[in-house]
Amino acid sequence: MKDMLRIAGIFIFVIFMIILILIAAFYYRNMHWYDKYEKAIIKVGAIEKQVILPNGNTINYGEVKNDKPALLLIHGQMGQWESYALCLEKLSKNWHIYAVDVYGHGQSTHDEDLYYIDVNANDLIWFIDNVIGEQTFVAGHSNGALTAAYIAAYGNNVAGACLEDPPVFSTEQGEWERSFAYINTYKPLHEYDQSDKKECIEVYLLRNGYFGKQYGRLSDMAQRYHKKHPDEVVKIGFLPSVAWAVNQYLPDYDLKYGEHFYDLTWNHGFTHKQILSDIHIPTVLIHEKENIDSDGVYLCATSDENARKAVSYNKDDITLIEVESSFHDFHSNHTDEFVKIIDSMNP
């Protein structure tokens with residue numbers, strides 16, 4: 001009996017230690033998730049540069065230089081050029097990469113007068129013509145995909161485009177307030193900007209965003225972390241990194257940019273139908289799986305119907321690729337598939 005009890009005790013101890021190790025590994029990974037991004041940038045040899053345009057605006061960008069065709073990468077809302085880090089090495093096998101910070105993000109110019117699709121895109125067209133200086137393929141993510149669509153429609157030196165999960169039509173009047181982006185990001189950002197800012201922005205978003213009911217109790221913990229580490233991005237090790245990824249670049253994000261999405265002025269009089277109809281180069285639109293909650297909130301960039309409608313306006317030039325992933329950040333979560341799609345554009 002004693003031997004059996006001893007064996008049972010050892011078994012329970014081993015199981016307990018395994019659980020502790022798994023918890024510690026989970027905690028460590030969540031606290032250090034961005035390390036792999038920094039290592040990937042160093043490994044591929046990406047160099048951060050800046051160019052000042054004739055109008056005085058600054059575009060900050062990362063470049064992976066080689067003798068391959070040019071590829072311009074445009075990140076999404078609240079991102080930076082580094083958000084493409086995990087796919088840079090594989091992309092660089094076939095592409096000379098230029099990954100930019102859009103205005104209001106990172107180290108590019110922060111000026112509210114620039115936070116419109118055409119204003120930013122026209123300066124990126126200048127970037128293609130004068131910095132890259134050759135035929136360029138352009139790929140954008142989320143609202144960066146809408147910017148890429150504008151560039152594909154109105155740029156002269158653009159050979160092809162990839163629109164990664166763009167919020168087509170969902171960021172126009174009608175469906176906007178039923179979208180996850182509005183409820184989880186732009187509405188809380190607007191309210192935070194109008195508040196007394198007693199809480200840090202990460203905590204405010206955590207407490208007042210879509211996941212507030214699930215994560216609300218952790219808000220106080222996050223606020224304590226901020227007080228101890230005021231110069232760091234708030235993280236809680238017991239939450240997966242997906243809960244914090246959106247905050248990584250917040251220190252270099254202009255809240256006024258979000259205001260132009262909150263009130264939909266970012267479109268600046270352009271309709272998505274107009275832009276898509278004016279594209280006359282080979283273009284692919286990656287649409288991630290539709291996901292709608294029980295309250296009718298779209299937990300996706302746009303609906304299946306909207307994605308198909310987008311392509312219907314230009315069947316000759318735009319090809320729809322519907323993927324099974326529900327991760328909006330397709331290029332980081334399904335890097336191999338993303339790179340394969342981009343490489344298929346390379347002549």
Could you grab me the full set of residues in the stretch 64-101 that are among the charged types (D, E, K, R) and buried (at least 19 other Cβ atoms within 10 Å of the Cβ)?
Glu82, Asp101
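Checking the structure you have, find out if any residue of the stretch 157-166 is aliphatic (A, V, I, L, M), touching a His at 6+ places or on another chain (Cβ under 8 Å) and in the same structural domain as Asn55 (by TED's automatic domain parsing). I'd like the intermediate steps shown before the answer.
The first filter runs over the stretch 157-166 and keeps only residues aliphatic (A, V, I, L, M), leaving 158-159, 161, 163.
Pick out the ones that are also touching a His at 6+ places or on another chain (Cβ under 8 Å) and you get none.
No - not one qualifying residue is present in the stretch 157-166.
State whether one or more residues within the stretch 176-192 are on the phi > 0 side of the Ramachandran plot, buried (at least 21 other Cβ atoms within 10 Å of the Cβ) and out of contact with any strand residue (DSSP E or B) (no Cβ under 8 Å at 6 or more places or on another chain).
Taking the stretch 176-192 first, the residues on the phi > 0 side of the Ramachandran plot are none.
The answer is no; no qualifying residue exists.
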What about Lys340, is it out of contact with any helix residue (DSSP H, G or I) (no Cβ under 7 Å at 6 or more places or on another chain), of a type in the set (D, E, K, R) and over 22 Å from Leu91 (Cβ atoms)?
no
Looking at (1) touching a Lys or Arg at 6+ places or on another chain (Cβ under 9 Å); (2) without any contact (Cβ under 8 Å) to a residue 40 or more places away in the chain, which one does Phe16 not meet, given that it meets all the others?
(1)
Would you check if there is a residue in the stretch 45-52 being in the same structural domain as His96 (by TED's automatic domain parsing) and surrounded by fewer than 10 Cβ atoms within 10 Å (Cβ to Cβ)?
no
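Could you check the stretch 131-154 and list, in sequence order, the residues that are within 14 Å of the chain's Cα centre (by Cα) and hydrophobic (A, V, I, L, M, F, W, C)?
Of the residues in the stretch 131-154, the ones within 14 Å of the chain's Cα centre (by Cα) are 139-148.
Selection gives Ala139, Ala145, Leu146, Ala148.
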Just give me the residues in the stretch 187-205 being part of a helix (DSSP H, G or I), over 22 Å from Ser294 (Cβ atoms) and not β-branched (Val, Ile, Thr), in sequence order.
Leu189, His190, Glu191, Tyr192, Asp193, Gln194, Glu202, Tyr204, Leu205
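Kindly provide the set of residues from the stretch 165-181 that are in contact (Cβ under 8 Å) with a residue 12 or more places away in the chain and either more than 17 Å from the chain's Cα centre (by Cα) or in a helix (DSSP H, G or I) (or both), ordered by number. Step through it out loud before you land on a result.
From the stretch 165-181, those in contact (Cβ under 8 Å) with a residue 12 or more places away in the chain are 165-173, 175-176, 178-181; that's our starting set.
Residues satisfying the conditions are Phe169, Glu172, Gln173, Glu175, Trp176, Arg178, Phe180, Ala181.
Being in contact (Cβ under 8 Å) with a residue 12 or more places away in the chain and either among the charged types (D, E, K, R) or surrounded by fewer than 16 Cβ atoms within 10 Å (Cβ to Cβ) (or both) is the filter here; which residues of the stretch 295-315 pass it? Talk me through it step by step, then tell me what you get.
From the stretch 295-315, those in contact (Cβ under 8 Å) with a residue 12 or more places away in the chain are 296-304, 306-311, 313-314; that's our starting set.
Selection gives Gly296, Asp304, Arg308, Lys309.
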Could you identify the single residue in Thr109, Thr136, Thr147 that is farther than 18 Å from His280 by Cα and either surrounded by fewer than 18 Cβ atoms within 10 Å (Cβ to Cβ) or touching a residue at least 40 places away in the same chain (Cβ under 8 Å) (or both)?
Thr109
So in the stretch 242-278, with the set limited to residues that are part of a loop (DSSP other than H, G, I, E, B) and among the hydrophobic types (A, V, I, L, M, F, W, C), which one is modelled with the lowest pLDDT?
Trp244
Among (1) under 15 Å from Ser170 (Cα atoms); (2) touching a residue at least 60 places away in the same chain (Cβ under 8 Å); (3) assigned to a helix (DSSP H, G or I), which single condition is His331 missing?
(1)
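The values are calculated or read from the model by the stated rules, or taken from the named source; none is laboratory data. Quick caveat: nothing in here was measured; it's all calculated off a predicted structure. Cβ sites come from the backbone with ideal geometry, for glycine too, and all protein chains shown count toward neighbours.
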